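> Below you'll find the structure I mean.
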Ligand SMILES: [Mg+2]
């Protein structure tokens, strides 16, 4: 149901009349913050650095499209997992260009078995994302592998400044976050958004260090913390859709619906989504439309 006359991009059927959410739960990257110039570049730089450290003289640099394809396929919500997988793929490819479409069979291999040590990659990732100064401040030791300024500076806000007040004015009384970011990275995101931690009830922020999407326990925890009856989950990739689908299958689940945002949300009904928006900035208008009696 694409209607070019309205601000929201498309709305699926199956919404009850005058449906108003009491809770909105957000994914962070690709929804609230544009991380194409931070996490995406960090994955690329880390995969190259990890191959160099493993003795590859001419390392392969994965393209932004390679990373986007992995993310769209699901299972790579954590950018560290994504970097580990791509490094393993690169080291396992003796000749030619690694095939990113290959299944992630080596993902759970023991550390170092194939030259890709997840703890080293995690360290490389933190150094590249934060930059030498912030890395030393947060982790208490100097950066060893990267000297360039941190890629965090390349992040851009997708959420407009008045988003939460606009949603609160439309009846939303609780907010949650479910993200693949670490706790430190999540705190940095909240600071960047200028969203005080007090915006969220205890237990309503779930980081990648606690539970990873699409584990439905993450959404269950947030719904419980928020006392949700009707909720929206706003995400941008397949893992977000899987999270909501698996949560809904649980007995006694609250009425949580999926709003997809961004380039993958263009096609109506993508991954069973209930609505699709070009950007999270359109959320208040979507709520106006859902809440109208007609
Ligand atoms: Mg995302």
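> Roughly what would the spin-label model give for residue 20 and residue 101, points 7 Å off Cα along C-beta, in nm?
Taking the simple label geometry, residue 20 and residue 101 are separated by 4.9 nm.
> Say R0 is 35 Å: what FRET efficiency, to the nearest 0.05, do residue 278 and residue 93 get from their beta-carbon distance?
Plugging the Cβ-Cβ distance into 1/(1 + (r/R0)^6) gives 0.40.
> Going by average Cβ neighbours within 10 Å, how do the peptides 51-61, 229-239, 210-220, 145-155 rank, with the highest at the top?
The densest-packed peptide leads the list: 229-239, 210-220, 145-155, 51-61.
> A further question on this structure: Which of 36, 257, 197 moves most in a GNM of the chain, Cα contacts under 10 Å?
Between 36, 257, 197, it is 197 that shows the largest mean-square fluctuation.
> Further question on the same structure: How far apart, in nanometres, would the label points at residue 248 and residue 285 be if each is projected 7 angstrom from Cα along the Cα-to-Cβ direction?
Between residue 248 and residue 285, the simple spin-label model gives 2.5 nm.
> A further question on this structure: Along the Cα-to-C-beta direction of residue 173, a point sits 7 Å from the Cα; which residues of region 193-212 have their amide N less than 14 Å from that point?
201
> Please give the contour-minus-distance gain from residue 58 to residue 36: 0.36 nm per residue of separation, less the Cα-Cα distance, rounded to one decimal in nm.
Computed gain between residue 58 and residue 36 is 5.5 nm.
> What is the Cα radius of gyration of region 39-154 over 2.2 N^0.38 Å, N being its residue count?
Scaled against compact globular proteins, the figure is 1.02.
> Treating the angle as unsigned and between 0 and 90°, give the value, to the nearest 10°, between the Cα long axis of helix 39-53 and the longest Cα principal axis of the chain.
Tilt of helix 39-53: around 20 degrees.
> Would you compute, for the Cα atoms of the chain, the largest minus smallest coordinate along each principal axis and list the three values in descending order, in whole Å?
For the chain, the Cα extents along the three principal axes come out at 65, 38, 38 Å.
> Still on this structure, I have one more. Quick check: residue separation of residue 157 and residue 191 times 0.36 nm, minus the Cα distance between them. What number comes out in nm?
11.1 nm
Every number here is computed from the coordinates shown, using simple stated rules; none is lab data. Quick caveat, the model's predicted, so the values are computed rather than measured. Cβ sites come from the backbone with ideal geometry, for glycine too, and all protein chains shown count toward neighbours.
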